[in-house]
Amino acid sequence: MKIGIVGTGAVGCACALAAACRGSAREIVLVNRTRKTAEAVATDIRYGTPLGPKVEITDGDYDSLAGAALVMITAGVNEKTGGATNREDPQGRLRLLDKNAAIYRDIVPRVVRAAPAAVLLVVTDPPDPLADVVRQVAGQARVISTGTFLDSLRFRVHLGRHFAVDPTAVEAQVIGDHGTQQVFLWSAARVGGVPIAALMQERGETLTALRQKLENEVRYANITIIEGHDASQYGIGMASARIAEMVLRDERAVIPIGSWQKEFGVTLSLPSVVGSSGVIRVLQPELALEERAGLQKSADSLKAALGRIGGHA
């Protein structure tokens, strides 16, 4: 099976490396506005492929995406270049929407012409409203965003650290948008099936203190990374490669991921079954009143951002 990656900046390179190392696809094609850059990245990774699963990684133009089952779009202005690294800015990643929407309106028609049957995975920030831009331009529904999948992984890692357990034993999700209005599902968070609130009580700790600290660590993880390294790239690269596997293998795995939500009128993340056509089914988690209100606030924020660029979901 074949995947395409459009954009070979920091995030596109991380996606390509993760997909190659994991064996996410048998064939990976890299496309970039400067072909020489894509060629260099493909060549560099190719030299390491004898050490991992069988994979062919090449550079190409848009026509080379033909036959891809999934195309990741990573092109665009990143947080550092776009000035989205201020924790006090309520817009957060949405500050990048205007410029990246213009880039997407140029790129997406070329992708769709070459690979009309592909699932389109939006990785560029802000991924949720950009997914709605893709739906408008592409005129098809097989569009998903990385959404809050990475945020949920970060949530699990931080909870695992706090309770000194392997994060694979932590059940915890972030839903809504991949941005400042994301919603943490504390009501459903568990470690080995035990509610977080019960574990906190056993330890003589208050959930309020942990919640404020941990939510800030997760919500602004990208900024913390960028302050020490120019781009937040490796986590999203690994998450994107994993999503590609779910699609290519028709896994029917359940993760929080961005897709069009009719109830809210925008693309946002809810627990979803992911398979060969993208999101196959959306699951509706039981939400506390505060979480339900937060999800609506997240949707309203995304609608406002789309309205600003003259878009509609």
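The values are calculated or read from the model by the stated rules, or taken from the named source; none is laboratory data. Just so you know, these numbers come straight off a predicted model, no measurement behind them. Cβ coordinates were reconstructed from backbone atoms using ideal geometry, including for glycine residues, and neighbour counts include every protein chain displayed.
Laid out as a table, the results:
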| item | result |
| --- | --- |
| Residue satisfying all of: in the stretch 285-313; among the basic types (Lys, Arg) and closer than 20 Å to residue 185 by Cα; surrounded by the fewest Cβ atoms within 10 Å (Cβ to Cβ) among these | 292 |
| Extreme residue, surrounded by the most Cβ atoms within 10 Å (Cβ to Cβ), among residues of the stretch 197-245 that are without any contact (Cβ under 8 Å) to a residue 12 or more places away in the chain and hydroxyl-bearing (Ser, Thr, Tyr) | 224 |
| Which numbered condition residue 153 misses (of (1) within 15 Å of the chain's Cα centre (by Cα); (2) at pLDDT below 95) | (2) |
| Wholly enclosed helices (runs of 4 or more DSSP H) of the stretch 54-170 bearing at least 1 residues surrounded by fewer than 18 Cβ atoms within 10 Å (Cβ to Cβ), of a type in the set (D, E, K, R) and touching an Asp or Glu at 6+ places or on another chain (Cβ under 7 Å) | 79-82 |
| Residues satisfying the stated conditions in the stretch 1-53, i.e. touching a strand residue (DSSP E or B) at 6+ places or on another chain (Cβ under 6 Å), in a helix (DSSP H, G or I) and small (Gly, Ala, Ser) | 12, 16, 19, 20, 38, 42 |
| Residues satisfying the stated conditions in the stretch 270-284, i.e. surrounded by 15 or more Cβ atoms within 10 Å (Cβ to Cβ) and either part of a helix (DSSP H, G or I) or in contact (Cβ under 8 Å) with a residue 40 or more places away in the chain (or both) | 270, 271, 274, 276, 278, 279 |
| Residue in the stretch 201-214 that is modelled with pLDDT of 95 or more and either on the phi < 0 side of the Ramachandran plot or assigned to a strand (DSSP E or B) (or both) present | yes |
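Residue-wise test of (1) within 21 Å of residue 239 (Cβ to Cβ); (2) out of contact with any Cys (no Cβ under 7 Å at 6 or more places or on another chain); (3) in contact (Cβ under 8 Å) with a residue 40 or more places away in the chain.
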{"residue": "46", "(1), (2), (3)": "no, yes, no"}
{"residue": "72", "(1), (2), (3)": "yes, no, yes"}
{"residue": "76", "(1), (2), (3)": "yes, yes, yes"}
{"residue": "102", "(1), (2), (3)": "no, yes, no"}
{"residue": "105", "(1), (2), (3)": "no, yes, no"}
{"residue": "110", "(1), (2), (3)": "no, yes, yes"}
{"residue": "115", "(1), (2), (3)": "no, yes, yes"}
